Each structure stands twice: as C-alpha cells, then as structure tokens.
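Beneath this line is the structure, given in structure tokens, with notes to follow.
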Amino acid sequence: MPFVTSDRMLADAKKGHYAVGAFNVENMEMVKAVITAAEQLQAPVMLQTTPSTVRYGSLETFAAMVKEEAVKTRIPVCLHLDHGNSFALAIQAIKAGYTSVMIDGSKLSFDENTALTRRVVDAAQAVGIPVEAELGRVGGKEDGLSADVDQNTDPDQARQFEELTNISSLAVAIGTAHGFYVGEPVLDKDRVAEIAAKVEAPLVLHGASGLSEADVKECVAKGMCKVNFATELRVAYTDAVKRILAEDPKIYDPKKLGLAAMEAVREQVLVRMKMCGCDRKAFV
Ligand SMILES: [Zn+2]
C-alpha cells in the first residue's frame, strides 16, 4: 500500500482503543526493519525522522526510501516529521512527500505555540496533511530539546489549544522523558484519561523508550493513540553492531553489520507493536 496520512490511522486507533507505534528511523536499515516488522504483524505503522536525522540524510531521501519500501507491502505506512522545529521545515517535509508532520512549539509560551501551530495547520491541512502539536513539556533531551522541570499538560488548556489550532493529534506531557531514564519515571497516567476526556484529537505519548510493558499498556488504555519509540531502537541497532564486531573484528562488509542491526531493530519493533495493541490492525 502506498503512503497514507496519519489521521485515519490514529482515528481508527482511538476507536479501537489501541495505539499506533511510531518509530524513529535514521537510515535505510531502520526503515526496512520497521516496515518488515509491521508487515509481519499486519500492523499500521508510522516511521518518523527528527530534524537532526533530516540533516543527516535529507527529507527527499527518507521520503524515497520509505515510499519504495511501503509500496511493496499491503499495510498502511505513514512517514511523519517528528519534532518539526519550524514552519519552513514542516512545509518542506510535505513537499518532499511526508504524509504527516509535527510542529513542536512546546518550548514557546501558550500564545506563541498556538500561533505557530495554527499557521502550520492552516498550510498543511490545505493539502490534506495532518499535524501533531505538543503542549506541556516532555522532559529529557531529544535533538537538543531539553526541559529541566517537567511540566505536565493541563487538560483544560489542552482543550483550549485544540479549539484554537484545529490540530490532528496532540503530544502531551505526563512525566515521560526523551532519551534514557535516570531512575524510575513517575508517570501521571490519570492525566492521560483527564486530557482524553476533554480533547477530541488522538493523544501522543513521547519518550516511551524504556517504559515497562505495564506502563505502556496503561497509557494506551487511558487514551494514548500513538506511542513514539526512538532511543531504544538506536540502542538495539548499535548493540547489534558492537556484538557482531566483537565476535569477528575482521568483518569489513557494511552489509553484515546492517543485517545484524536490522534484525535487532525488527525484534524490538515487534515487541513494542504488540504492547501497543496495533498488531493485526492494518485492515480494520
Ligand atoms: Zn518526542
């Protein structure tokens, strides 16, 4: 199936009380690994790239890779810009073929975030591309973003934000962090249900790498419709490369490293998709 946009996928997830897994990819091997896993489980899938990944490759390169891999499958595949940091980048992603974009104005004031998000929504929705925005601060670091103090999303403010911006999906802060957790994360899971009761747009959980199965399942049960996994895929990939080089330091064929890394990423994606409950949901 060719590219699809994220709105239908996430609306189905909301109706069906499961979440679509969204996996950050950084090269061809990760693209292939994620799509292979999704096809194996017959799951709808979102692949996403951050601005730094886009600088490493390019929007056009990632769009071409994902599109080529997607058309070989029967499952719905969406390519999403994760943590888009400017109006320009969001529009460039759409022009390159991305089928979903995020604009992250969560570091801005409420009014500035609203204005920036509204601007991207107006432009993107004019050409049928859904927009994810973020309200509240997800802790930790991703792509140079950082927040020292966790500021969980306020449900009433979220409702107001949705009314003012007409977003397609909303990333909310409930105590998760990007990157590695130092100690046990303290999640405000009830907050998910409180926000879900006031906001119509499907909710997005960032910073899910390292969360336990129970935490992910509870967040999904309480209303998260998209769950992002990034750091743990990078770890799975790199550990696999280290392992194979430790076993045989004479390896010089990048394909051997790539195959081992792909297998490790695919396995991790399978585990997380089952946790999100999106397996066998490709054709619902
Ligand atoms: Zn994030």
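Bear in mind these aren't lab numbers, they're just calculated from the coordinates by the rules spelled out. Only a predicted model underlies this, so the values are computations on that prediction, with no experimental measurement involved. FYI the Cβ positions are ideal-geometry reconstructions off the backbone, even for glycines, and counts take in every protein chain you see.
Summary of computed values
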quantity: For the chain, built as a Gaussian network whose Cα springs stay under 10 Å, the top-fluctuating residue of Leu79, Leu211, Leu108; calculated: Leu108
quantity: From phi via Karplus (6.51, -1.76, 1.60), per-residue ³J(HN,Hα) for region 166-176 in Hz, x at Gly/Pro; calculated: 6, 5, 8, 8, 9, 7, 10, 9, 10, x, 7
quantity: Long-range HN-HN contacts of Gln48 with modeled amide H, under 5 Å; calculated: Phe23, Asn24, Val25, His80
quantity: Mean Cα-pair separation over length for region 1-62, i.e. relative contact order, pairs under 8 Å, 6 or more apart, %; calculated: 33 percent
quantity: DSSP bridge pairs, region 121-232: antiparallel proportion in percent, nearest 5; calculated: 25 percent
quantity: Relative contact order %, the chain, counting alpha carbon pairs below 8 Å whose residues are six or more apart; calculated: 23 percent
quantity: Tilt relative to the chain, helix 6-16 - C-alpha long axis, 0 to 90 degrees, to 10; calculated: 80 degrees
quantity: Inter-probe distance in nm under a simple model that places probes 7 Å from Cα toward Cβ, at Glu263 and Asp239; calculated: 1.5 nm
quantity: Spatially close lysines, pair count over region 205-284: Cα under 30 Å, gap of eight or more or interchain; calculated: 13
quantity: Full-stretch length increase - Lys198, Ser58 - with 0.36 nm per residue and alpha-carbon distance subtracted; calculated: 46.7 nm
quantity: Mean-position separation - Cα centroids, region 187-242 and region 74-120, in angstrom; calculated: 19 Å
quantity: Antiparallel bridges, percent of DSSP beta bridges restricted to the chain (to nearest 5); calculated: 10 percent
quantity: For Asp111, Asp154, order by how many other beta-carbon atoms lie within 10 Å, fewest first; calculated: Asp111, Asp154
quantity: Hz values of 3J(HN,Hα) by residue in region 188-194 - Karplus curve (6.51, -1.76, 1.60), Gly and Pro given as x; calculated: 9, 5, 4, 4, 4, 5, 5
quantity: Karplus-derived 3J(HN,Hα), 6.51/-1.76/1.60, for each residue of region 46-57, Hz, glycine and proline x; calculated: 10, 10, 9, 10, 8, x, 6, 5, 5, 5, 5, x
quantity: FRET efficiency, Val127 to Lys15 (Cβ-Cβ, R0 30 Å, nearest 0.05); calculated: 0.75
quantity: Sequence-distant residues sharing a close amide H with Ala208 (under 5 Å, placed H); calculated: Asn228, Ala230
quantity: Crossing angle, helix 110-126 versus the chain [Cα axis fit, 0-90 degrees, rounded to tens]; calculated: 70 degrees
quantity: Using alpha-carbon coordinates, inclination of helix 59-71 to the longest axis of the chain, degrees; calculated: 70 degrees
quantity: Footprinting exposure proxy for Leu205, Leu233, Leu245 (fewest neighbouring C-beta atoms within 10 Å first); calculated: Leu245, Leu233, Leu205
